[in-house]
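Participant: Take a look at the following structure, please.
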Amino acid sequence: MTPGIATSVRLTGITKSFLGVPVLRGVDLELRGGEVHAVMGENGAGKSTLLKVLAGVHRPDGGTIEVDGAEVSFASPTDAQRAGIAIIHQEFTLLPHRSVAENVYLGREPVRRMQVDRRRMVADTRELLNWLGEDGIDPADNVSSLSVAQRQVVEIVKALSTDARVLGMDEPTAALADHEVELLYDLVRRLRERGIAILYVSHRMREVFDLSDRITVLKDGRFVTCAPTGELTSEDLVRHMVGRDLGEYYPDRAVPDDLGRVRLALRGAGNDRVRDLNIEVRAGEIVGLAGLQGSGRSAVARAVFGVEPFTRGLLEVDGVAQRVTRPRTAVRLGIALVTEDRKGDGLALRQSVRDNTLLVRRAALRGARSRARSDVPALLDVVTVVARGEHQEVRYLSGGNQQKVVLAKWLAVEPRVLVVDEPTRGIDVGAKRAVHEILRDLARRGVAVLMISSELPELIGMSDRILVMHDGALAGELPAGASEGAVMALATGHGVGEVA
Amino acid sequence: MSTLQENTLPVRQQATRPAAQRWLTPVVIVYIALVALLVVGSVLVGLRGEVLLDQGGILNILTRATALGLVAIGQTMVILTGSLDLSVAYLVGLTSLIAAETMAGRDGMVVPGVLLALAVAAGVGLVNGLVITVLKANAFIATLGVALILRGYLEENYTGPAGDVPRGFQHLGYDRIGPVPVAALLMLAVAVLSWWYLSRTRSGYHMYAVGGDIEVARLSGLPTRRIIVTAHVLCSVAAGLTGIYLASRLGSGAPYVGTDAGYDLESIAAVVLGGTLLAGGRGGVAGTIGGVLILATLDTIFDDLEVDPFFKDVVRGVVLVTAVALYARRMSANRTRGRLT
Ligand SMILES: Nc1ncnc2c1ncn2[C@@H]1O[C@H](COP(=O)(O)OP(=O)(O)OP(=O)(O)O)[C@@H](O)[C@H]1O
Ligand SMILES: [Mg+2]
């Protein structure tokens, strides 16, 4: 397509099982230099596993990998890197206590006179960061001091620093806010122009249509189809992935009669991240909280849940002022938080699906209610978790299924106030639909829902009202169905007050 | 294990951290605590009409710190990689015997004695490392097992001191420059070398990576097994050096010099006191030496004050727990800061 280093990779008949359970059952994929090749499929379809096979993390049980026509076999990620293949994994692969530069060059540190050449490492990292227009990140900073979005940038820099000619990206935008997604688009296009072959895994339709040249669909570890993006509609795609049609719609919004008492109220609440918050969420209502990364959305969520409590103002639950200084208090009051960082905050990775589902119930409820567990299968069913059974360890679930377990965990305690921070990050279209329906269903049953999402169509589609944050404070309120432009205007600090 | 220290404390209310707190790393805290301890100790000892930091006092502190320091430097490496070594105490005894018996009073056998002791130590470290990485045994259990094997061997073959160190070699244990023992300087040299190794070389970087998150290390293509084995070999060699040093001080080998001094748990305490995460991935030798000096100073003060041993242990326990709690607090503050910008 484009001149330059046109590498091609061909996977043929790749199979892989874990403990006798087949995950990939004969996948074919062809990837050319200078193309963005999207891979789509439901949660657990085997996308991440396929990328890990390509990256030398897993050895395939069968099938062949060819790079530029020559068959290769990778014993380790280093082998794959040498062949010019680098993968940005779905999970973060950074060491929090080490610096950005140390992370970027992990395993490939430049050496000079027997020592790691730290000056060069920092300089090269800075150069790559500048090239991406991310000069806000200091290569000498510890990764633990970066935001989720900045960490994603570091992941990308880490992959680029290997001089990769084939780059696999496993849901790279899952952690990014909209304006950062734009930057990533830009970056992906620039890499494509340079002849790099990009394998792009994402659940976001819009992204895939904007970026990709071809799309391969997997279902249950099998190859379903591969076609140029222009020849597919999103309906086709959904049908290939899910096996049935799903229209583009959101559940019906609440009508005034559905709304009950004010369940959650903040009156002049603030702490050192957010200030002057006046928010009311009624029973039956889904209130969207919009804003750019860093505007304080998640800080509101964490304050309501008592992780980093409010230090000023009032927090009322069902009209009664409460001091929520610990998550435990919040849970007892019927407040639930689905965090944006599922691995860090949401799951006990080495425990079973069932134990995770019952985690909060066991920890926070009293008496017989805390011991009930017969409804676990039903709960998991509601959120459509695909696991080998209730006893499978959560860390072996696919990324999207882990997110569903987090949801199930909170459904298990029947909250009165549910705060969800990026609830559909990394889950497939079918499951996303299911989560939307669950949220609306909970609202109908009298739960007050506060929803944070960086995906504007979702936020607008779901919310009965939209509150927009800017720089730690509320910038304004918009009615249901407001335009993306109106939300962005407030979020970026333009537009004042009520904009319709 | 990796989140143990971070999560046990409730995430603290976020205070805006003044810039001044950034440099207040565990290493800095340890040395501030050491100075404070020296001041308080001097006052207490002074009240009895004695002087803590006179020639004898300094000598006492540094001598205590030498042996423990060597063991703790090695322990730092295994702990940084997310492992642990409980076999060091018996290994110290074993290597003191090997060195002294090989030398058997002959000047010409000093070098072979030292080399043999170090070789055996390296072998034990290799076994520790392989059991942990290849047989995938938990480090705690694996090294405890090796410790028991060493004990069995020592109990079977020795009833007391054995071997004989030539007079010339005893200089290593007793020579000093002013109040500073030569051996303490050698220990510091080992510390500096290890600090350089951990913070400047690729292998050192990789130890931090493996201890920080072994899965991340694996995904980044690091030879995780080899790194853990290397750490164990280095740790055991450090214990071997301690055995050789103690043989030179005692004039012979002694099967229980290491265990009587409790070097296994003591070295772990020093490492943790020095700000290294028991879960691995963060910390270093500089802090460990601070921890060792604090423990040695405490002991010296207690001796000067003639307090009873029980009280001594209570104070040491309190110091250790306070330190760990302090570091955990700072970590959770850091963590929260990182989450939501
Ligand atoms: N190391 C492992 N051991 C056992 N099972 C595994 C392992 N890794 C993945 N699996 C299983 O393989 C299946 C496919 O997982 P994979 O992560 O490839 O899915 P995915 O298509 O990336 O899904 P998602 O969209 O949710 O990220 C899942 O059922 C998962 O439970
Ligand atoms: Mg995946």
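Participant: Quantify how strongly other chains surround peptide A:268-281 by giving the mean number of their Cβ atoms within 10 Å of each of its Cβ atoms. Walk me through the numbers on the way to the answer.
Facilitator: Details: counts 0, 0, 0, 2, 4, 4, 0, 0, 0, 0, 0, 0, 0, 0.
What the average comes to for A:268-281 is 1.
Participant: Counting DSSP beta bridges in segment A:8-242, what percent are antiparallel, to the nearest 5?
Facilitator: Details: 26 of 43 bridges.
The antiparallel fraction comes to roughly 60 percent.
Participant: Per residue in segment A:54-74, which ones lose no less than 40 Å² of accessible surface when going from chain alone to all protein chains (1.4 Å probe)?
Facilitator: Buried by the other chains: A:V57.
Participant: Tell me which residues come under 5 Å, amide H to amide H, from A:I335 once H is placed; ignore anything under 5 positions away on its chain.
Facilitator: For A:I335, the qualifying residues are A:R416, A:V417.
Participant: Excluding ligands, DNA and RNA, what is the accessible area buried between chains A and B, summed over both sides, using a 1.4 Å probe, to the nearest 100 Å²?
Facilitator: Details: alone 21430 and 16150 Å², together 34220 Å².
Looking at A and B, the buried total is near 3400 Å².
Participant: Within the accessible area of segment A:47-97, what % is carbon and sulfur when the probe is 1.4 Å and the other protein chains stay in place? Could the numbers behind the result be given before it?
Facilitator: Values: 870 of 1920 Å².
Looking at segment A:47-97 in its full context, I get 45 percent from C and S.
Participant: For segment A:109-133 and segment B:259-276, compute the distance between their C-alpha centroids and round to whole Å.
Facilitator: Cα centroid to Cα centroid, the span is 36 Å.
Participant: So with the 1.4 Å probe, I'd like the accessible area per residue for the protein assembly as shown, rounded to whole Å².
Facilitator: Numbers: 34220 Å² over 841 residues.
Accessible surface, normalised per residue, equals 41 Å².
Participant: Given chain A, what percent of its DSSP beta bridges are antiparallel, to the nearest 5? If you can, show how the numbers build up before the last one.
Facilitator: Values: 47 of 81 bridges.
If we restrict to bridges inside chain A, about 60 percent are antiparallel.
Participant: Roughly how big is segment B:80-178's charge dipole about its Cα centre, with Cβ charges of +1 (Lys, Arg) and -1 (Asp, Glu), in debye to the nearest 20?
Facilitator: Working: 5 positive and 7 negative charges, 37 e Å.
Taking the Cα centre of segment B:80-178 as origin, the dipole is about 180 debye.
Participant: Shifting gears a bit: Considering only DSSP beta bridges with both partners in the protein assembly as shown, what is the antiparallel share in %, to the nearest 5?
Facilitator: Working: 50 of 84 bridges.
That works out to approximately 60 percent antiparallel.
Participant: Given H placed 1.01 Å from N in the peptide plane, which residues other than close sequence neighbours of A:I196 have an amide H under 5 Å from its amide H?
Facilitator: A:G34
Participant: Compute the acute angle (0 to 90°) between the alpha-carbon long axis of helix A:353-364 and the principal axis of greatest extent of the alpha-carbon atoms of chain A; round to the nearest 10°.
Facilitator: The angle comes out near 30 degrees.
Participant: Express the Stokes-Einstein translational diffusion coefficient of segment A:8-242 in µm² s⁻¹, to the nearest whole number, given a Kirkwood radius over alpha-carbon pairs, 37 °C and a viscosity of 0.692 mPa s.
Facilitator: On the way: Rh = 18.3 Å.
Using the Kirkwood radius from Cα pairs, D works out to 180 µm²/s.
Participant: Expressed as a whole percentage, what fraction of the accessible surface of segment A:256-499 belongs to carbon and sulfur atoms when a 1.4 Å probe is rolled over the protein heavy atoms?
Facilitator: On the way: 4470 of 9210 Å².
After summing per-atom areas, the C and S share lands at 49 percent.
Participant: Averaged over A:98-108, how many beta carbons belonging to a partner chain fall within 10 Å of each residue's beta carbon? Each step should come with its number before you reach the end.
Facilitator: On the way: counts 8, 0, 0, 0, 4, 4, 0, 3, 11, 11, 4.
Going residue by residue through A:98-108 and averaging, the value is 4.
Participant: Take A:H58, B:H232 and sort them by solvent-accessible surface of the protein heavy atoms, 1.4 Å probe, largest at the top.
Facilitator: Details: A:H58 40, B:H232 0 Å².
Reading off the accessible areas and sorting them downward yields A:H58, B:H232.
Participant: Would you mind putting B:273-283, A:316-326 in packing order, based on average other-beta-carbon counts within 10 Å, highest first?
Facilitator: On the way: B:273-283: 24.4, A:316-326: 14.5.
Result, highest mean first: B:273-283, A:316-326.
Participant: So how far, in whole Å, is the C-alpha centre of segment B:27-79 from the one of segment B:128-152?
Facilitator: 32
Participant: To continue, here is another question. Can you send over the solvent-accessible area of B:Y256, 1.4 Å probe, protein chains only, in Å² to the nearest 10?
Facilitator: For B:Y256, solvent-accessible area is about 70 Å².
Participant: Follow-up. Calculate the radius of gyration of the Cα atoms of the protein assembly as shown to one decimal place, then report Dmax, the largest Cα-Cα distance, as a whole number, both in Å.
Facilitator: Expressed in Å, the Cα Rg and Dmax of the protein assembly as shown come to 30.3, 100.
Participant: State, in angstrom, two size descriptors of segment A:208-329 derived from its alpha carbons: Rg to one decimal place and Dmax to the nearest whole number.
Facilitator: Over segment A:208-329's Cα set, Rg and Dmax evaluate to 21.9, 58 Å.
Participant: Something else about it: Roughly how crowded by other chains is peptide A:89-95, in terms of the mean Cβ count from those chains within 10 Å of each of its Cβ atoms?
Facilitator: Numbers: counts 3, 0, 3, 2, 7, 4, 11.
The per-residue average across the peptide is 4.
Participant: Here is a further query. Could you tell me the accessible area of B:T63 in Å² (1.4 Å probe, neighbours in place), rounded to the nearest ten?
Facilitator: About 30 Å², ignoring ligands and nucleic acids.
Participant: If you don't mind, another one. If one takes the longest principal axis of the Cα atoms in chain A, at what angle in degrees, from 0 to 90 and to the nearest 10, does the Cα axis of helix A:399-411 lie?
Facilitator: The two axes meet at around 10 degrees.
Participant: Enter the per residue convex hull volume of segment A:256-499, computed from alpha-carbon coordinates, in Å³ rounded to the nearest integer.
Facilitator: Working: hull volume 28.4 nm³, N = 244.
So the per-residue hull volume is 117 Å³.
Participant: To continue, here is another question. Could you give each residue of segment B:168-181 its phi-based ³J(HN,Hα) in whole Hz, using Karplus coefficients 6.51, -1.76, 1.60 with θ = phi - 60°, and x for Gly or Pro?
Facilitator: After applying 6.51 cos²θ - 1.76 cosθ + 1.60, I find x, 6, 5, 4, 3, x, 10, 4, 8, 10, x, x, 9, x Hz.
Participant: Excluding residues fewer than 8 places away in the same chain, name every one of the lysines whose C-alpha is closer than 18 Å to that of A:K219.
Facilitator: Within the straight-line cut-off, A:K219 pairs with A:K16, A:K47, A:K52, A:K432.
Participant: Next question, about the same structure. Just give the residues from segment B:204-252 buried by at least 30 square angstrom of accessible area in the all-chains context relative to the isolated chain, probe 1.4 Å, and say none if nothing qualifies.
Facilitator: Those are B:Y205, B:Y208, B:A209, B:V216, B:R218, B:L219, B:S220, B:G221, which lose 30 Å² or more relative to the chain on its own.
Participant: Can you give me the angle between helix A:118-131 and the longest principal axis of chain A, using Cα atoms only, in degrees from 0 to 90, rounded to the nearest 10?
Facilitator: Once rounded, one gets 70 degrees.
Participant: Using the Karplus curve 6.51 cos²θ - 1.76 cosθ + 1.60 with θ = phi - 60°, what ³J(HN,Hα) values do you get for each residue of segment B:313-318, in whole Hz, with x for Gly and Pro?
Facilitator: 5, 4, 4, 4, x, 4
Participant: To the nearest 500 deg cm²/dmol, what mean residue ellipticity at 222 nm is calculated for the protein assembly as shown from DSSP H runs of n ≥ 4 alone, each contributing -39,500 (n - 2.57), summed and divided by the residues? Kindly include the intermediate steps, with their values, before the conclusion.
Facilitator: On the way: 32 runs with 408 residues, N = 841.
When only DSSP H runs of four or more count, the value is -15500 deg cm²/dmol.
Participant: Can you give me the long-range amide H partners of B:G274? Hydrogens built in the peptide plane at 1.01 Å from N, cutoff under 5 Å, separation of 5 or more residues or another chain.
Facilitator: B:G291
Participant: May I ask you to rank A:M205, A:M40 by accessible area, largest first, using a 1.4 Å probe over the protein chains only?
Facilitator: Numbers: A:M205 35, A:M40 0 Å².
Ranking A:M205, A:M40 by accessible area, largest first, yields A:M205, A:M40.
The values are calculated or read from the model by the stated rules, or taken from the named source; none is laboratory data. Owing to the predicted nature of the structure, the values given are computational and were not obtained by experimental measurement. Neighbour counts are summed over all protein chains in view; Cβ atoms, including those assigned to glycine, are modelled from backbone coordinates with ideal geometry. Areas reflect the complete protein model, heavy atoms only, side chains present, ligands, DNA and RNA absent. Shrake-Rupley method; radii C 1.70, N 1.55, O 1.52, S 1.80 Å.
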